[in-house]
1. Taking helices (runs of 4 or more DSSP H) that do not extend beyond region 307-398, which have at least 2 residues that are under 16 Å from N457 (Cβ atoms)?
2. Using the structure shown, decide if A151 is loosely packed, with under 14 Cβ neighbours inside 10 Å, within 57 Å of the chain's Cα centre (by Cα) and of a type in the set (A, V, I, L, M, F, W, C).
3. So in region 730-745, with the set limited to residues that are surrounded by fewer than 24 Cβ atoms within 10 Å (Cβ to Cβ) and in a loop (DSSP other than H, G, I, E, B), which one is farthest from the chain's Cα centre (by Cα)?
4. Name the pairs: first residue in region 108-123 and without any contact (Cβ under 8 Å) to a residue 40 or more places away in the chain, second residue part of a strand (DSSP E or B) and surrounded by fewer than 19 Cβ atoms within 10 Å (Cβ to Cβ), Cβ to Cβ under 6 Å, at least 6 apart or on different chains?
5. Residues being touching a helix residue (DSSP H, G or I) at 6+ places or on another chain (Cβ under 7 Å) and under 21 Å from S194 (Cβ atoms): count how many of those fall in region 217-241.
6. Against the definition (within 20 Å of C777 (Cβ to Cβ) and in contact with a Phe, Trp or Tyr (Cβ under 7 Å, 6 or more places away or on another chain)), how does I680 come out, yes or no?
7. Could you check, for region 573-583, whether at least one of its residues is outside the structural domain of V774 (by TED's automatic domain parsing), polar (S, T, N, Q), within 30 Å of E773 (Cα to Cα) and modelled with pLDDT under 85?
8. Looking at (1) surrounded by fewer than 16 Cβ atoms within 10 Å (Cβ to Cβ); (2) modelled with pLDDT under 85; (3) of a type in the set (S, T, N, Q), can you tell me which one T535 breaks?
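The values are calculated or read from the model by the stated rules, or taken from the named source; none is laboratory data. As the structure is a prediction and not an experimental result, all values here were calculated from the model. Cβ coordinates were reconstructed from backbone atoms using ideal geometry, including for glycine residues, and neighbour counts include every protein chain displayed.
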Amino acid sequence: MTENRRMSESKFISLDKLSLQDLDQDSELIPLLTPEDEQEMHNEELPETLPILPLRNTVLFPGVVIPITAGRDTSINLIRDANQGSKVIGVVAQKDEEVENPGIADIHTLGTVARILRVLQMPDGNTTVIIQGKKRFRVAEVLTEKPYLTATVRETREKRPAPDDVEFSTIIDSIKELALQIIRDNPNIPSEASFAIKNIQSDSFLINFVSSNLNLEVREKQELLEISDLQQRALATLKHLNTEFQKLELRNELQSKVRSDMDQQQREYFLHQQMKTIQEELGGLSYDEEIEEMEARAKKKKWSDAVGEHFGKELAKLQRMNPQVAEYSIQRNYLDLLLDLPWGEYSKDRFDLKRAEKILDRDHYGLEDVKRRIVEYLAVLKLRNDMKSPILCLYGPPGVGKTSLGKSVAEALGREYVRMSLGGLRDEAEIRGHRKTYIGAMPGRIIQNLKKAGTSNPVFILDEIDKLSSSAQGDPSSAMLEVLDPEQNSEFYDNFLEMGYDLSKVMFIATANNLGTIQPALRDRMEIINVTGYTIEEKVEIAKRHLLPKQLKEHGLASKDLKIGKKQLEKIVEGYTRESGVRGLEKQIAKMVRYAARHIATDEDYTVKVTNAVVEEVLGAPRMERDKYENNEVAGVVTGLAWTSVGGDILFIESILSRGKGALNITGNLGKVMKESATIALEFIKSNAEAFGIDPEVFGRYNVHIHVPEGATPKDGPSAGIAMLTSLVSLFSQRKVKKSIAMTGEITLRGKVLPVGGIKEKILAAKRARIKEVILCEENRRDIAEIKEDYLKGLTFHYVTEMREVIEIAVTNRKVKGAKTL
């Protein structure tokens, strides 16, 4: 049964006793219909046309009297006209109560004919009308929509059970018994309601009366009204009554439990008051003062309404907790985190592109591609001012300045700088945090670093992202997927925080040494920028501008105390370091500075302006001399170009023949790819022996041995394909290889030459080795175009697509001196 929401008391009166005085009490009116009244209504003729009154939030059942407040102009006009005429209207329920001016499509077609009993003008200006349902009808055709709906209607008769139907009588008895039980157990329903239920003599009116007062949605009441079979409607009403009775029992049971818990809460309240007094006596911050302090801090936060509402709930939970329980400290830490996080706090970006370029050039020599990408990002951000931060990944060998670049970017942008090392991280909770149900729970390091930064848009360096590892505690690289996705990280979910945090304004810069170990899905979310390393000239400039002044300052010396010239720096670079970066170079310069510091501290004379002899005296004999090209008169020796983790280098490939049955031996600590390249080269030569001027019979009389020197160093990759081919053709034809030439490229069985990577490093290695000509795949021409012209002086490039072209360029027609006829 529905509770009376308008007054604490309801009156139940019959129609013949309805008076104006009763209506002024604004009470819900329930007439006690007799079977004779019902029969009279049933026999009453239905008008052919009726004005249609839509109801927003209720359904009128036959025989039931309800008050309706009319607020729409159309409804007021309809009631006024009907009250002056026949006082009969059609009442239907709206499908959507939000529709302000419903048409025929917005209302149900089945409704109830009603008679207007009273029309009252209320003090607030609204019109209240008391209506009583008569019989059901269905809208046949709409006649007018202005000034209100009118339609032709037809009566919808009910199927009534036989008077002696035992099942129907049982259902009616059950409805009456259950309704009386609900009235007794629900204190919000007045006791007069039980009088009305007991005195209803008509079975159909009892069903309609109970249906009208059930606590149901309009849709569910409309479904009851549309059931034409009275027995089926009674059964459906009984089901809803049973549901409501079960809810009432559960509600009463819960209230009983709460009442018993109140005694315990009152006891705890008095204990808390005593504890508060003790804390104040000891001079500490009282419990209430802590709560007030949190509320004061919360008012200053720039968080959203959702976060503010969540904080209020969590603070209320803290207030209900006993400070002695372990969960209290976790809840307190959680609220402190919410208050410490920089919700909606952003540092203002500086869009001075000239200044940004100066800062980047000041701190880093070279790295043109990286600095250009940063300036492009600033330019777009300046124009749009709402661009989501991209995820940049600086990929390259160690020591090239990937991490330190982040500080320069932060200074150029005017943002806070945060660095997070991911090397060896193997616990997913380090990224996402722990659930705060655990003792010692903490947020993830992403949220912790944002808390330290104090803003929600810092420059965030994710160092060594390629060194994330998996374990039994989860896969951190998978947890990083949400962090590094610009489309998802606006709602990054931390397990401890238990809600989304916006990371879309954070500028993430990841660093990596090896892309192969990064999870493919994670790599796809980042923009890869290759930091290839430095040339000798660049290393000398970096040492002169940055490393030497830095080491002098760290060792307490001035610039006048030690001077290292350009040639001496170049000697240190070439003779004592073998790397793409400058980390090893800085260590060697630090040794030179310590040499000066020792002499100054002991008041001994030393050479301020360093010479080559001083360099060798301090650092010892050069240990890292690069391989130089060696011209020789031996067939089968070819110079290849290789890329290593410490930059480019030249690679010698040697081949010899020995008496045998055509076996192929490969040595030099080679990987699978290089061994396959040697096999492909030999098979291609066999299939094209005549074109190369080689006797096919020779392949069955000699064994072939291919060796790549420095066997202690593992070597692999496709770059040596054309070098092995050239070596074998030179060997079998006993012709010399052209002087001062090097090559790199991959080969196929069809005789094609394919492009390879690391071209810049390989070209720089060729130049250091005094190579004059380089053979490359035609598709590598674009890589040469990206290299500065200064690095290409003195080099001639041959671009090829077929293996035959390689042989024509590299192998001369001159026989090796003393060559035997094979």
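1. 368-384
2. Working: loosely packed, with under 14 Cβ neighbours inside 10 Å: no; within 57 Å of the chain's Cα centre (by Cα): yes; of a type in the set (A, V, I, L, M, F, W, C): yes.
So A151 fails the test.
3. It comes out as Q734.
4. So the pair list comes out as T109/R138; R115/V88.
5. 4
6. No: the conditions fail for I680.
7. Kept after step one, since they are outside the structural domain of V774 (by TED's automatic domain parsing), are these residues of region 573-583: 573-583.
Then drop every residue that is not polar (S, T, N, Q), which leaves 577, 580.
When the remaining residues are screened for being within 30 Å of E773 (Cα to Cα), the result is 577, 580.
Add one more test, that the residue is modelled with pLDDT under 85, and what stays is 577, 580.
So far as region 573-583 goes, yes, one or more of its residues are outside the structural domain of V774 (by TED's automatic domain parsing), polar (S, T, N, Q), within 30 Å of E773 (Cα to Cα) and modelled with pLDDT under 85.
8. (1)
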